[in-house]
Amino acid sequence: MKNNRYLLCLLLCGFMLYFAVPRLTVFAEGLEGIFTISWLAFALIVIAGNLTALLYSPKKSVKRRQQPRINKKSRSY
């Protein structure tokens, strides 16, 4: 279930980058340049975090069939 969330976050981040990158100018001066670089840095952190969580999530273990245990009844008086 969490893998779906990580994949959704990656797709949303890619979608936002697809629309934002053509409008952002990295070489702008002043506050606009700082905003662009920080926005791209945060987007890369989001992508790296979700990829890490997606790739290194623990796998579900396969349950082995257990042999049925024989319960011995003890008599008590």
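Rule-based calculations on the coordinates, nothing more; no lab input. Just so you know, these numbers come straight off a predicted model, no measurement behind them. As a convention, Cβ positions derive from the backbone with ideal geometry for all residues, glycine included, and neighbour counts pool all protein chains shown.
Computed over the chain, the per-residue total of -39500 (n - 2.57) for DSSP H runs of n ≥ 4 gives a 222 nm mean residue ellipticity of -20000 deg cm²/dmol, rounded to 500. So what does the Cα-only Debye profile of the chain read at q = 0.16, 0.21 Å⁻¹, as log10 I(q)/I(0), no solvent term? So the normalised log intensities work out to -0.74, -0.96. On full extension, the segment bounded by LYS2 and PHE15 gains 2.7 nm, given 0.36 nm per residue less the C-alpha separation.
Along the range 34-40 the Karplus relation, 6.51 cos²θ - 1.76 cosθ + 1.60 evaluated at θ = phi - 60°, assigns HN-Hα couplings of 5, 4, 4, 5, 5, 5, 5 Hz to successive residues, with x for each Gly and Pro. Report note on the peptides 8-17, 49-58: ranked by the mean count of other C-beta atoms within 10 Å, highest first, their order is 8-17, 49-58.
Taking label points 7 Å from Cα along the Cα-to-Cβ direction, THR52 and GLU29 give a separation of 3.7 nm.
Counting beta carbons within 10 Å around each of TYR18, TYR6, TYR77 and listing the fewest first gives the order TYR77, TYR18, TYR6. Under 16 Å of direct C-alpha separation, and excluding same-chain neighbours fewer than eight residues apart, LYS2 reaches these lysines: LYS59, LYS60.
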